[in-house]
Amino acid sequence: MRIEYESEAGGAALAARVSRWSLIVGGLLALLGFLAVAAPWAAATAVAMLCGISLVTAGASQVAMTAGTFTWRGFWLTLACGVLSIVAGVGMLVLPQAGVEALVTFLAIILLFEAAAKLSAVFVVPSGFPRGWLLLDGALTAVLGVVLLTAKPAAAEVLLGLFVGVNLLSSSAMFLGAGWSLRQAGKLSDGFRD
């Protein structure tokens with residue numbers, strides 16, 4: 001079965017653009033993945049610090065929003081959520097080790113959701129898309145999520161950094177594989193084939 005496009009020329013141009021961007025994103029993810037695997041402690045600390053900064057920023061935004069809405073019914077709840085977000089963010093910035101341990105559990109849950117999305121996508125992507133790479137990426141992401149969820153707290157920092165790196169490398173392989181496959185499919189004279 002052939003993937004249909006509005007025109008063959010438009011389809012080839014689209015395949016070339018998607019292929020190029022898939023290869024670029026795959027290369028960047030591979031670089032970040034290798035860096036995270038090479039220095040897992042630094043990667044874990046960077047993730048914790050980024051989360052802390054994000055929480056402080058989100059909390060400050062919520063508190064700022066409440067400044068002009070004192071008469072609004074949800075004022076106190078929004079203010080409390082903003083203050084809690086700031087406190088959690090400052091806690092992660094001041095005590096990154098404790099933040100890393102909390103992030104391991106959170107990341108495990110996120111990885112399991114990501115794996116479910118990737119594995120579900122296998123059934124809905126067009127027939128010309130390399131489903132095998134997507135299936136492999138989803139399965140590996142699921143394994144990482146389960147291992148993180150069952151890990152002991154003492155290994156949290158190293159595991160967080162390593163698994164972020166492995167997840168980045170897994171996603172890199174999917175993007176590089178997809179980009180290469182799309183590039184090869186674009187070389188066919190009559191477009192994509194099943």
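Condition first: touching a Ser or Thr at 6+ places or on another chain (Cβ under 7 Å), at pLDDT 85 or above, of a type in the set (S, T, N, Q) and in a helix (DSSP H, G or I). Can you find one or more residues in segment 56-67 that meet it? Give the derivation first.
The first filter runs over segment 56-67 and keeps only residues touching a Ser or Thr at 6+ places or on another chain (Cβ under 7 Å), leaving 58-59, 62, 65-66.
Add one more test, that the residue is at pLDDT 85 or above, and what stays is 58-59, 62.
Pick out the ones that are also of a type in the set (S, T, N, Q) and you get 62.
Going one step further and asking which of them are in a helix (DSSP H, G or I), we end up with 62.
The answer is yes; a qualifying residue exists.
Can you name every residue in segment 155-172 that is of a type outside the set (A, V, I, L, M, F, W, C) and more than 12 Å from the chain's Cα centre (by Cα)? Walk me through how you get there before you give the answer.
Here is the first cut: in segment 155-172, the residues of a type outside the set (A, V, I, L, M, F, W, C) are 157, 161, 165, 167, 170-172.
Result: Glu157, Gly161.
Could you list, ordered by first residue, the pairs with Cβ atoms under 8 Å in which the first is in segment 137-163 and more than 22 Å from Ala42 (Cβ to Cβ) and the second is hydroxyl-bearing (Ser, Thr, Tyr) and surrounded by fewer than 20 Cβ atoms within 10 Å (Cβ to Cβ), at least 6 apart or interchain?
So the pair list comes out as Leu149/Thr105.
Output the residue which, of all residues in segment 1-24 that are outside any helix (DSSP H, G or I) and of a type in the set (Ser, Thr, Tyr), is modelled with the highest pLDDT.
So in segment 1-24, the residues outside any helix (DSSP H, G or I) come out as 1-7.
So of that shortlist, the ones also of a type in the set (Ser, Thr, Tyr) come out as 5, 7.
Values: Tyr5: 44, Ser7: 48.
In this case the residue turns out to be Ser7.
Do any residues in segment 164-183 that are within 16 Å of Gly145 (Cβ to Cβ) have Cβ atoms under 8 Å from those of residues that are at pLDDT 85 or above and among the aromatic types (Phe, Trp, Tyr), where the two are at least six apart or on different chains, and which pairs are they?
Note: pairs meeting the criteria are Gly165/Phe34; Leu169/Phe34.
For residues that are of a type outside the set (S, T, N, Q) and either in contact (Cβ under 8 Å) with a residue 60 or more places away in the chain or in contact with a strand residue (DSSP E or B) (Cβ under 6 Å, 6 or more places away or on another chain) (or both), tally how many sit in segment 76-106.
Of segment 76-106, the ones of a type outside the set (S, T, N, Q) are 76-77, 79-84, 86-96, 98-104, 106.
Narrowing further to those that are either in contact (Cβ under 8 Å) with a residue 60 or more places away in the chain or in contact with a strand residue (DSSP E or B) (Cβ under 6 Å, 6 or more places away or on another chain) (or both): 100.
Summing the residues that are of a type outside the set (S, T, N, Q) and either in contact (Cβ under 8 Å) with a residue 60 or more places away in the chain or in contact with a strand residue (DSSP E or B) (Cβ under 6 Å, 6 or more places away or on another chain) (or both) in segment 76-106 gives 1.
Report, by residue number, each residue of segment 69-85 that is farther than 24 Å from Ile53 by Cα and of a type outside the set (Ser, Thr, Tyr).
Looking only at segment 69-85, we keep the residues that are farther than 24 Å from Ile53 by Cα, and these are 69-74.
Phe70, Trp72, Arg73, Gly74, listed by residue number.
The values are calculated or read from the model by the stated rules, or taken from the named source; none is laboratory data. This is a predicted model, so every value here is computed, not measured. No Cβ is skipped: glycine too gets one built from the backbone with ideal geometry, and neighbour counts run over all protein chains shown.
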